[in-house]
Amino acid sequence: MSARLTVDLDALAANWRALDALSGGTASAVVKADAYGLGAKKVGPTLARAGARRFFVALPDEGAALRGALGPGPEICILGGFAPADISLFRDHGLVPVLNSAAQARAWFDAMPGAAAGLQVDSGMNRLGMEAEELASILPLPDAVGFVTSHLACADEPEHPQNATQLAAFRAMTDGLGLPRSLAATGGILLGEAFRFDFTRPGVGIYGGAPFTDARAVVTLEAPIIQVRDVAPGESVGYGAAWRASQPAWIATIAAGYADGILRAAGQGGLSAFWQGRRLPLVGRVSMDLITLDVSRCEGIGPGAMIELLGTSQGVDDVAAAAGTIGYEVLTSLGSRYARRYTGG
Ligand SMILES: *Cc1c(COP(=O)(O)O)cnc(C)c1O
């Protein structure tokens, strides 16, 4: 028996539709990092059926794999930009680079004259994108340039002053370019009308993560109990003897660990698991393949019982909070050892 990851494709499609509605029907779909760990091969076609026509991934290899899943129609854009070494991936799979520097732009225009591209400008995050002078240096733009984007650094904090600063910088850099514009990812969509421009680029909200708190849960992760034992007062459990029983305890060992995305840090942060709606505290450290739970008050529990680690009782953001991280990292850490099951779609 092994852990089981269930991805609810109906919930995923509903989340995309909700974000698309909030975007005035302009949402693209961000499916980088294998659709945030959930499987781009299934997620991509589900979102295409829901109505997504433009997709974003980080790397050309991801784009090539996504093209295989989506077939010819939808636009697939590469956030990481263009490097000449990847020319055949772009050409063979009809990928659209998001050009992040004047050098990338010139290389693309030279290598693929007339082929579609997008631009990214830096509005203040200082990660990817052209500065104003770089943008000026490649004007006038070829007709094949189809859109211009930028990315917000603080969109998950609505009160953060950098949101307004970046909005103003984006306007200043792109007013008058005559191109469709995109600034908002999930957080930006929720900041309101002024941030939405011509199309949006939601990612994490599609997969059920904050800051889209109205999202439906998409992921359920369950793992079986493989052994149950009595632990006497004074005995310890797990590596480092980090947990010691103060009273007689009944401890269940579950077949999932940090190699399966049960972040080790979450063990120190009060991670729980759930069985038939009941909360089971994690005791001791998270190991690579195993965790241990206190099941002392659970009549009838035993080997073979499936324990919920992610789902409606405890979402990706709850686990993230326990680990001192964000839902994005919980999702993309989900391992490949599971039996994966897709429902709906
Ligand atoms: C990852 C990413 C997105 C999607 O962001 P979410 O916060 O997951 O919605 C959009 N645009 C860019 C440039 C990104 O890197």
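The values are calculated or read from the model by the stated rules, or taken from the named source; none is laboratory data. Just so you know, these numbers come straight off a predicted model, no measurement behind them. Neighbour counts are summed over all protein chains in view; Cβ atoms, including those assigned to glycine, are modelled from backbone coordinates with ideal geometry. Areas reflect the complete protein model, heavy atoms only, side chains present, ligands, DNA and RNA absent. Shrake-Rupley method; radii C 1.70, N 1.55, O 1.52, S 1.80 Å.
Key figures
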item: Segment 219-343 - percent relative contact order, Cα under 8 Å, separation 6 or more; result: 30
item: Largest to smallest principal axis extent of the C-alpha atoms in segment 9-207, angstrom; result: 46, 43, 24
item: Over segment 261-345, equivalent-ellipsoid semi-axes from the Cα gyration tensor in Å; result: 20, 17, 13
item: Magnitude of the charge dipole, segment 9-207, Cβ model with Lys/Arg +1 and Asp/Glu -1, debye to 20; result: 580
item: Charge tally in the Cβ shell below 13 Å around PHE170, where Lys, Arg are +1 and Asp, Glu are -1, PHE170 excluded; result: -1
item: Accessible area expressed per residue, the chain, with surrounding protein chains retained (probe 1.4 Å, Å²); result: 43
item: Rounded to the nearest 20 debye, dipole of the chain from Cβ charges on Lys, Arg, Asp, Glu; result: 800
item: Rg/Rg_globular for segment 140-276, with Rg_globular taken as 2.2 N^0.38 Å and Rg from C-alpha atoms; result: 1.69
item: For segment 139-243, with +1 on Lys and Arg beta carbons and -1 on Asp and Glu, the positive-most of ALA232, THR200, PHE212 along the dipole; result: THR200
item: Surface share of carbon and sulfur [accessible, 1.4 angstrom probe, percent] for the chain; result: 51
item: Residue-averaged [θ]222 nm for the chain, counting only DSSP H segments that reach four residues, each worth -39500 (n - 2.57); result: -8500 deg cm²/dmol
item: Charge-dipole axis of segment 1-105 as Lys and Arg at +1 and Asp and Glu at -1 on Cβ define it, positive-most pick from TYR36, CYS77, SER23; result: SER23
item: Cβ-based charge dipole, segment 211-315, positive-most Cα from LEU290, ALA242, SER313; result: ALA242
item: Segment 95-141: GluC sites (Glu not before Pro) falling in loop per DSSP and having at most 16 other Cβ within 10 Å; result: GLU131
item: Label-point separation, ARG216 to ASP175 (7 Å along Cα→Cβ), nm; result: 4.2
item: Trypsin sites (Lys or Arg not before Pro) lying in DSSP loop within segment 107-184, provided at most 10 other Cβ fall within 10 Å; result: ARG127
item: Check: segment 219-343 dipole with +1 on Lys, Arg Cβ and -1 on Asp, Glu Cβ, in debye; result: 80
item: Sum of side-chain charges, TRP275 neighbourhood, beta-carbon under 13 Å (Lys, Arg +1; Asp, Glu -1); result: -1
item: Hydrodynamic radius of the chain per Kirkwood, over alpha carbon pairs, in Å; result: 21.8
item: Kirkwood-based shape ratio for segment 216-255, expressed as Rg/Rh from alpha carbons; result: 1.16
